[in-house]
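Below: one structure, written as structure tokens.
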Amino acid sequence: TGLACITLIAGSLLADMPFAWEAVILALAVAIVLVPLLGPVLAQLLAARLIDADHLGERFGQLFIIVLGESFIGVMMALSGLGTIPNPPVFVLAFVLPFAGWAIYFTWVEPRGLPTRPWWLRAWMASFVVLLFGAVGAGDAVSVLVTETWKQVVDTHARWLPLILLYACVGLVLLAACARRQPAERR
């Protein structure tokens, strides 16, 4: 973790660099932390049976709920002070999309539980990151689109929302594919 912090601090000193370098520095810092954590550390924790997959799965579900809630907050913050809703269809979409993501996650993924084999668990966690990036991106996009007229949305921004939603859907499908094959029994 210290090496990742040093990487981020060094990267911040080079803040005048183009955006691509900032993304590379952030990716490097994340990799410095995640590779060992998801590599040998995770394998050792699983071998010692120190990870309760059901409990960890519940925590991931709570994180997903928090991300979905943040999308609602983003929409409300964007609309605050306007006195009207410039784009009612996107406003409705701002509630339908998170509910659909919630329903899919808690129907297809969470009841099955996290896998207990190291490689499947790594794939599950990586898929969860894909889902979170898609959910955060969709929430952010909707909070911007709700403040614009429908014509502005279609003309300039609408091409990105389906791509972001596809990203979230890929995350959900990968999570369902990596989850346990049989639903976990609850105690």
For region 124-135, Karplus couplings with θ = phi - 60° (6.51, -1.76, 1.60), whole Hz, Gly/Pro x: 5, 5, 5, 5, 5, 5, 4, 4, 5, 4, x, 5
Efficiency of FRET between Ala43 and Trp102 - r from beta-carbon atoms, R0 41 angstrom, step 0.05: 0.80
Coordinate range along principal axes, alpha carbons of region 37-89, Å, largest first: 57, 19, 18
Alpha-carbon Debye profile of region 50-161, log10 I(q)/I(0) at 0.18 Å⁻¹: -0.87
Charge dipole (the chain, unit charges on Cβ, about Cα centre) - positive-most of Trp120, Gly137, Leu38: Trp120
Under 15 Å from the Trp120 label point (7 Å along Cα→beta-carbon), backbone N, region 29-44: none
Cα-projected label distance for Phe133 with Leu163, points at 7 Å along beta-carbon direction, nm: 1.3 nm
Prolate/oblate/rounded label for region 99-156 (Cα gyration tensor, a/c 1.5): prolate
Calculated on alpha-carbon atoms, Rg and Dmax of the chain in Å: 19.3, 57
Sum of -39500 (n - 2.57) over DSSP H runs of 4+, divided by residues of the chain (222 nm, nearest 500): -23000 deg cm²/dmol
Gaussian network model of the chain, Cα within-10 Å springs - most flexible of Trp120, Trp108, Trp21: Trp21
Packing rank of 91-104, 46-59, 128-141, where each peptide gets the mean count of other beta carbons within 10 Å, highest leading: 128-141, 91-104, 46-59
Per-pair calculated FRET efficiency, R0 = 22 Å: Val30 and Gln62 via Cβ, rounded to 0.05: 0.50
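Taken together, the values in this text are just the output of simple stated rules run on the coordinates, not laboratory data. Please read these numbers as outputs of a predicted model, since none were measured by experiment. Every residue, glycine as well, gets a Cβ built from its backbone with ideal geometry; the counts of neighbours run over all protein chains shown.
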